[in-house]
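Everything below concerns the one structure shown next.
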Amino acid sequence: MGDQVLKGEGDVSLKRAATRRKVLDGLVPVIASIGVFVAIAFLVSLLLYVVVTGAGRLTPTLITDYPSANPREAGMRSATLGSVFTVGLAGLICIPLSIATAVYLNEYAGNKWWSQVLRYNIANLAGVPSIVFGVVGLGFLVYGLGLGRSIIAGAFTLAILTLPYVTVVCVEALRAVPDDQRLGAYALGATTFEVVRYIVLPRAMPMMLTGGILGISRALGEAAPILVISGLLFIREDPTSLLSEFTVIPLQLYSWISRPQVAFQQLAAAGIIVLLAILLALNSLAIYLRQRFYRRLEAG
Amino acid sequence: MNEDTAMNTLEMVTSGRVEEAVEQRTAFDDAIIQVRGLSVRYNARYAIKDISIDFGRNQITAIIGPSGCGKSTLLRSLNRMNDLVPGAVVEGKVLYRGIDVYSKEVDPVALRSRIGMVFQRPNPFPMSIFDNVAFGLRVNGIKLSKDELYRKVKEALEKAALWEEVKDRLDAHAYSLSGGQQQRLCIARALAVEPEVLLLDEPTVSLDPISTAKIEELLISIKKDYTIIIVTHNMLQAARVSDYTAVMMPDENLVGRLIEFGPTKEVFTRPRDRRTEAYIAGRIG
């Protein structure tokens, strides 16, 4: 019966056959997916190691206690607060600034040569190693402006560090707004500001916020520039002002990891779990915001 | 009145078509937009060259011609939407009520609230039906009470023949409307600002025949209040709705030229230019 189906009128054959191109077609996805599996295997083994090592030490005291020379009493309270303040402040500085820059570049500057130059430069800045930003922050903010090794200096450094990336995403978000929306508003006698305010920004906002949140999560994981700004500190008090000294979670982890005792290794692993959990939460928030905005936009 | 039209009129009179000549004259004396020697180029490439044409008040003028003949460019240069195209340069004059719209003192934003525009594909904003229509009123800074705003929105939707279909769901999202309804919403949105001239750039090209017919009907019904200029691919549409027809055609350098302009009936039955005749007969384009 199968043969009857496969042999059509006038000897038309649709039978499957293992020709060279068919084999190749079947092989390509196998080869292409190797990379994915390598990445996933690496990630899973890392997670497993961290969880197995650190789970026992994952208690609330981890983030409520100050660091200590005794691993059983040590926590990362000051580092957590430092991270929250510097990264939060960095987000507050970076996101509005990035949106403004992107709006200027995409909606006002047009295709003039210098706006092109600016655009390329910003894209290049996004690839500059973060330690460089740390050194600039140290020279300009800590010494130049006399801010000292303070939270505000750290926040500005992180803000400048994430600014290029977030700006690039924001420009992309603006470019993704269909032009017919802008033209429609212009044709009704709207000014560029009104077009941006009422038509372009609402549509671009979800992608911009997503970019902002991803920028923040990058800043949260940065150790190098903060190491330059704040130094490796052992802080046993809460920050009282923007000029307080500070440390951040990645630095605390670094200082624990560099100690020989097993108990500190476990402490570091537990800290990594906390950091990963925060990153995961931030990324989930980005996805949630995007979905929510799009639903509002598309279906009403 | 420029030389060309004078010549054409003369030709009509001498060829015994006096009635039409008179009719055309009246329309021209009442021109709301006069285009004189208009050329538009994008960087170095001319899209249209040396176009002179008058658009009569409360008339529907159709601009027809094959793809790439510069119809849309001509239309967009009337309310300075071309300003938004990078590299676009306009030469020549466009006079709206005698004002040179490209003079430095003219505010393009103000011009566009007098000369509205509807685009090829419906482009409602991602907001409610009501807010779409109210958008133009709000941005133009017209302070209205809630009742007045509602009345204006209702009026615009009625003119756009959409009110009956949406009156119970003004708060519904604009994207819940069909394509034809969305395009009528865009027309309502443009009318709400109370412009004098309405430019339509192939407004029915993405719509089905029934929606197209509705839009054509509504255009005819509002022409007593507005001057309408419609770019269309569709010659039958031009024949159905317009009082005057302009025919554009790319020349040997692919630069758009105005080759014929006159009362629609005449352009379709007794075209003066052989290319118009060929185009209408379907031999070009």
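The values are calculated or read from the model by the stated rules, or taken from the named source; none is laboratory data. Source: prediction; values computed, not measured. Heads up, the Cβs are rebuilt from the backbone with ideal geometry, glycines too, and the neighbour counts pull from every protein chain shown.
Restricting attention to the range A:122-167, report how many residues are surrounded by fewer than 19 Cβ atoms within 10 Å (Cβ to Cβ) and under 20 Å from the mean Cα position of the chain (by Cα).
Going through the range A:122-167 one residue at a time, the tally reaches 9.
Is it the case that residue B:164 is surrounded by fewer than 16 Cβ atoms within 10 Å (Cβ to Cβ) and acidic (Asp, Glu)?
yes
Let me confirm something: among B:138, B:112, B:189, B:151, which residue is without any contact (Cβ under 8 Å) to a residue 12 or more places away in the chain, assigned to a helix (DSSP H, G or I) and within 14 Å of another protein chain (Cβ to nearest Cβ)?
B:138
Which of the residues spanning the range A:168-212 are at the interface with another protein chain (Cβ under 7 Å from one of its Cβ atoms) and closer than 16 Å to residue A:289 by Cα?
Hit for the range A:168-212 is A:203, nothing else.
Select, from A:257, A:235, A:249, A:229, the only residue that is away from chain B (no Cβ under 14 Å) and under 17 Å from the mean Cα position of the chain (by Cα).
Criteria check complete, one pass: A:249.
Scan the range B:161-178 and give yes if some residue there is within 18 Å of the chain's Cα centre (by Cα) and within 14 Å of chain A (Cβ to nearest Cβ), otherwise no.
Looking through the range B:161-178, none of the residues is within 18 Å of the chain's Cα centre (by Cα) and within 14 Å of chain A (Cβ to nearest Cβ).
Go through the range A:172-213 and give me each residue that's surrounded by 18 or more Cβ atoms within 10 Å (Cβ to Cβ) and within 28 Å of residue A:137 (Cα to Cα).
A:208, A:209, A:210, A:211, A:212, A:213
Would it be correct to say that residue B:65 is small (Gly, Ala, Ser), surrounded by 19 or more Cβ atoms within 10 Å (Cβ to Cβ) and closer than 23 Å to residue B:282 by Cα?
It is true that residue B:65 is small (Gly, Ala, Ser), surrounded by 19 or more Cβ atoms within 10 Å (Cβ to Cβ) and closer than 23 Å to residue B:282 by Cα.
May I ask you to verify whether residue A:126 is more than 14 Å from chain B (Cβ to nearest Cβ) and either touching a Cys at 6+ places or on another chain (Cβ under 6 Å) or at pLDDT below 90 (or both)?
It is true that residue A:126 is more than 14 Å from chain B (Cβ to nearest Cβ) and either touching a Cys at 6+ places or on another chain (Cβ under 6 Å) or at pLDDT below 90 (or both).
Just need a number here: residues in the range B:49-88 that are among the hydrophobic types (A, V, I, L, M, F, W, C) and more than 14 Å from chain A (Cβ to nearest Cβ).
9
Give me the strands (runs of 3 or more DSSP E) completely within the range B:196-285, filtered to those with at least 3 residues that are of a type in the set (A, V, I, L, M), ordered by residue number.
Output list reads B:197-201, B:227-232, B:244-250.
Can you tell me how many residues within the range A:55-91 are modelled with pLDDT of 90 or more and surrounded by 18 or more Cβ atoms within 10 Å (Cβ to Cβ)?
14
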